[in-house]
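Readers should treat all values here as calculations from the given coordinates under stated rules, not as data from a laboratory. Computed from a prediction, not measured in an experiment: that's the story for all the values here. Note that we place each Cβ from the backbone using ideal geometry, even for glycine, and neighbour counts take in every protein chain shown.
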Amino acid sequence: MSEFFPEHAGPFAQAASALEGKRIAVLGHVRPDGDCIGSQVAVTRILRQVFHVDAAAINQHPVPRACASFVGDTPFFEAGDVDLNGFDYAVSVDCADRSRFGSVVDQAFPEIALNVDHHISNTRYAAHNLVEAGSSATGELLAGIFLDNGYAIDPVTAQALYVGIATDTGQFRFASTTFKTFEICCHLLENGADAAQAAYELYEKESRAKLALLQRFLASFRYICDNRVCIGLIRQEDWDATAALKEDTEGLVDYARAIEGVDIGVLVEEKDGMVKGSFRSNDASFRVNELAKKFNGGGHACAAGFNPGMSVADLMPKLEAALESHLTKLAEIG
Ligand SMILES: [Mn+2]
């Protein structure tokens, strides 16, 4: 047996055994991404196949178009399409805190039996919390646990876990990508994951509306802090002009980050009167989760999100000042 996450493998098996014969909702987060969907698919399938648990994945928001094919025959529902009172317990994946469930799901499941996640900011809100911040993806943590425990991993589960890892590592480009990441992916390919098919579904089927949104986002770029920060904007008029989907902002912020000389990329998004944003850095030393905290958010040291609760016009000067002082503070610490 392998030993990827020995401290989590036993507790997972114990927590999952206690769910036998029960109806379990496997929860993810709002605006789900590849790691969220992949982890939900994998946990739902393992609970059903290994532990004879009547599990179904539930999200407040729909599965993004690019991830739809990875669900396979896994029971997977939007919260509005299923009786949320019909479940005995809930398990969550890839959710740092309860607010990530979305309000409808949050209210329907006051107690969480098991929380599996890789966010450093995880608030450990469940009865059992398996949190591994050193893991590139929740999919990596789950795959390691499944391999450690010797569970049979079917091709749909292997592909879902692979998609979680491939998306959260930016296709194995981010600093979170480790020897262990590749080792685990080797095992997933051995169990039927298909890297080329995953890449095709995720990145080779872009809609024209998404590219139109990207075009406007790139045109909005502004450089501050001696060109070390790039801020891009998506305004309401961009949505109105492009017919892009909500999910089409996924990955946009990486264009702002991936510019020579830029340390922090920022996306500010305005839609239906709401403003939200994301920070991305190339290096964990920039601790963008601390920046996000100042604007009612959180996340990883390299990737964080925020909900400032103010207009774009009010946010911008505050955001620029916070970035200035954050970079100055980091320079002082050395
Ligand atoms: Mn994740």
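When only Cα pairs below 8 angstrom with a gap of at least 6 residues are kept, the chain shows a relative contact order of 13 percent. Per residue, the average separation of C-alpha pairs within less than 8 Å and at least 6 apart gives region 208-333 a relative contact order of 18 percent. What's the angle, to the nearest 10 degrees (0 to 90), between helix 138-148's Cα axis and the longest principal axis of the chain? Taking the Cα atoms of the chain, the angle to 138-148 is about 30 degrees. Legend: calculated FRET efficiency, Leu330 to Asn296, from the Cβ-Cβ distance at R0 = 25 Å, rounded to 0.05, equals 0.70. Fully extending the segment from Ala212 to Gln197 would add 2.9 nm, taking 0.36 nm per residue of separation and subtracting the current Cα-Cα distance. Beta-bridge orientation, region 6-203: approximately 0 percent antiparallel, per DSSP, counting only bridges with both partners inside. Amide H contacts of Val53: Gly21, Arg48, each under 5 Å away and 5 or more positions distant or on a separate chain (H built 1.01 Å from N in the peptide plane; Pro and chain starts excluded).
Shape analysis of the chain yields a ratio of the Cα radius of gyration to the Kirkwood radius, Rg/Rh, of 0.96.
Counting only DSSP beta bridges whose two residues both lie in the chain, roughly 40 percent are antiparallel. 3J(HN,Hα) along region 164-173: x, 5, 4, 6, 6, 8, x, 6, 6, 9 Hz, from the Karplus curve 6.51 cos²θ - 1.76 cosθ + 1.60 with θ = phi - 60°, whole Hz, x for Gly and Pro. Residues in region 71-83 carry Karplus couplings, in order, of 6, x, 9, 6, x, 9, 10, 7, 3, x, 9, 8, 7 Hz; the curve used is 6.51 cos²θ - 1.76 cosθ + 1.60 with θ = phi - 60°, and Gly or Pro positions show x. In terms of overall dimensions, region 208-333 has a Cα radius of gyration and Dmax of 13.8, 45 angstrom. Each label was represented as a point 7 Å from its Cα along the Cα-to-Cβ direction; for Lys22 and Phe221 these points are 5.0 nm apart.
Here the Karplus relation 6.51 cos²θ - 1.76 cosθ + 1.60, evaluated at θ = phi - 60°, turns the backbone of region 279-286 into coupling constants of 10, 9, 10, 7, 9, 5, 5, 7 Hz, with x for every Gly and Pro.
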